[in-house]
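Below is one structure, written out as structure tokens; comments come after it.
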Amino acid sequence: QSNGLAYGHLEGYHLEVEEVGPGGPIVRVDAYPQQEMAIVRYQGREVLVPLREDWIQALDAARKVVRMELPDGLLDL
């Protein structure tokens, strides 16, 4: 279910954040004018995470995990 999005295949993956640990499940991927965004369920709320290639550290398709390095505080917005 890629919806024609470059990162659509990440729906259902679990986000892990460098230096923070588990982020949460990627509920969906939406297209925004600047870039695609992952909607991540994190600590009981939905957080928008920009899907930037240079922030993605590793993809584990077998475990359905994407590890990203995010700017400090991004998950607190």
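Overall, the accessible surface of the chain at a probe of 1.4 angstrom is composed of carbon and sulfur to the extent of 47 percent.
Quick one: accessible area per residue over the chain, 1.4 Å probe, rounded to a whole number of Å²?
61 Å²
Taking K and R as +1 and D and E as -1, what net charge do the other residues with C-beta under 13 Å from the C-beta of Ala6 add up to? Numbers along the way, then the final one.
Details: positive: Arg52; negative: Glu11, Asp30, Glu36, Glu53.
Neighbour charge sum, excluding Ala6 itself: -3.
Over all other residues within a Cβ to Cβ distance under 15 Å of Glu69, the charged ones net out to -4, with Lys and Arg as +1 and Asp and Glu as -1.
Hydrodynamic analysis of the chain uses the Kirkwood radius over alpha carbon pairs. Inserted into Stokes-Einstein at 4 °C and 1.567 mPa s, it gives a translational diffusion coefficient of 105 µm²/s.
Shown here for segment 20-77: trypsin sites (Lys or Arg not before Pro) in loop regions (DSSP other than H, G, I, E, B) with at most 15 other Cβ atoms within 10 Å, namely Arg52, Arg63, Lys64.
One decimal place: the segment Gln34-Leu74 gains 12.7 nm when fully extended, by the rule 0.36 nm per residue minus the C-alpha distance.
Applying a DSSP loop filter and a limit of 14 other Cβ atoms within 10 Å to the GluC sites (Glu not before Pro) in the chain leaves Glu18, Glu19, Glu69. Net charge near Ile39, counting Lys/Arg +1 and Asp/Glu -1 over other residues with Cβ under 15 Å of its Cβ? Once positives and negatives cancel, what remains is -1.
The values are calculated or read from the model by the stated rules, or taken from the named source; none is laboratory data. What you are looking at is a predicted structure, and each value in this text was computed from that prediction instead of being measured. Neighbour counts run over all protein chains shown; Cβ positions are idealised from the backbone, glycine included. Surface areas here come from the heavy atoms of the whole protein model, side chains and all, with no ligands, DNA or RNA. Shrake-Rupley method; radii C 1.70, N 1.55, O 1.52, S 1.80 Å.
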